[in-house]
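This report concerns only the one structure given below.
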C-alpha cells in the first residue's frame, strides 16, 4: 500500500519542471531500512512514497500522473518476497523519465550486472551510508528532470511543426537537406519568390533563427 508523506506536496498544475521538488518511490519490505531511508529523503525536502513490495508499486500507478512535472525515481531493494527487484525492473513500463536505483544487502555481481543491463542507474550495497544514498537519489532525480525537460522541448517542437502547411514542410525539408532556394524552386516547380516566402514562414513558425537550427528542427520534428 502506498503511503503519501504529506498533502502539501500535491503536484503543481504548472507544465514546467519543478527542479526544487522530487518524488522518490521507495520499495522495500524491511521496516527499519524504510524508516531510515524515508527520514533522510524527507529531510532533503523530497516527497517519498513507500511500497512494501514490488507488486504494490505495480498495482498503484497513481504516481505516473506526477512524472511529467515532478522529477521521479525508484529506490528499490532487490531481495524481496513475492517479486524481487529485477522482476520489478522487467515488469515496469518504459519509464525513461523515472530512473531506477537498486539497494541490496544480499545480491552479488550477477544481480548487479543484470540490473545495469536492464537500465538501472545505480546499484548500492547495504549497509549504505546515507550521504551515498542521497547522492544517488539526487543524481537520479537530476536525470529525471533532464528527461522531462527534453520531453517538453520535443512536444513544443511537434506543436510548432503541426502549424506548418504541406508546402512549408516541403520547402523546410529540402532547405534542411542543403538545397538552395533555386534548387527547391526547380524541384517543386514553383517560383523562387514563393520558395523564399514559404521558407521564411516555416522558419518563423518553427522558431529557427539559422539554417543550422532549421536542420536540427527538421530532424527532431520528423518533417
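So which residues in the stretch 129-183 are over 28 Å from the mean Cα position of the chain (by Cα) and either surrounded by fewer than 12 Cβ atoms within 10 Å (Cβ to Cβ) or modelled with pLDDT under 90 (or both), if there are any at all?
Hits for the stretch 129-183 are 166, 177, 178, 182.
Need pairs with beta-carbon distance below 9 Å; first residue assigned by TED's automatic domain parsing to the domain that holds residue 167 and free of Cβ contacts under 8 Å to residues at least 60 places away in the same chain and within the stretch 203-217, second assigned to a loop (DSSP other than H, G, I, E, B) and surrounded by 13 or more Cβ atoms within 10 Å (Cβ to Cβ); sequence gap 6+ or separate chains.
As it stands, the answer is 205/164; 206/164; 206/223; 214/208; 215/208; 216/208, since those pairs meet every condition given.
Quick test for you: out of 69, 41, 74, 50, pick the one residue that is more than 21 Å from residue 146 (Cα to Cα), surrounded by 13 or more Cβ atoms within 10 Å (Cβ to Cβ) and either modelled with pLDDT under 90 or touching a helix residue (DSSP H, G or I) at 6+ places or on another chain (Cβ under 9 Å) (or both).
50
The values are calculated or read from the model by the stated rules, or taken from the named source; none is laboratory data. Worth saying up front: this structure is predicted, and the values here are computed from it rather than measured. We place every Cβ from the backbone using ideal geometry, glycine too, and count neighbours over all the protein chains shown.
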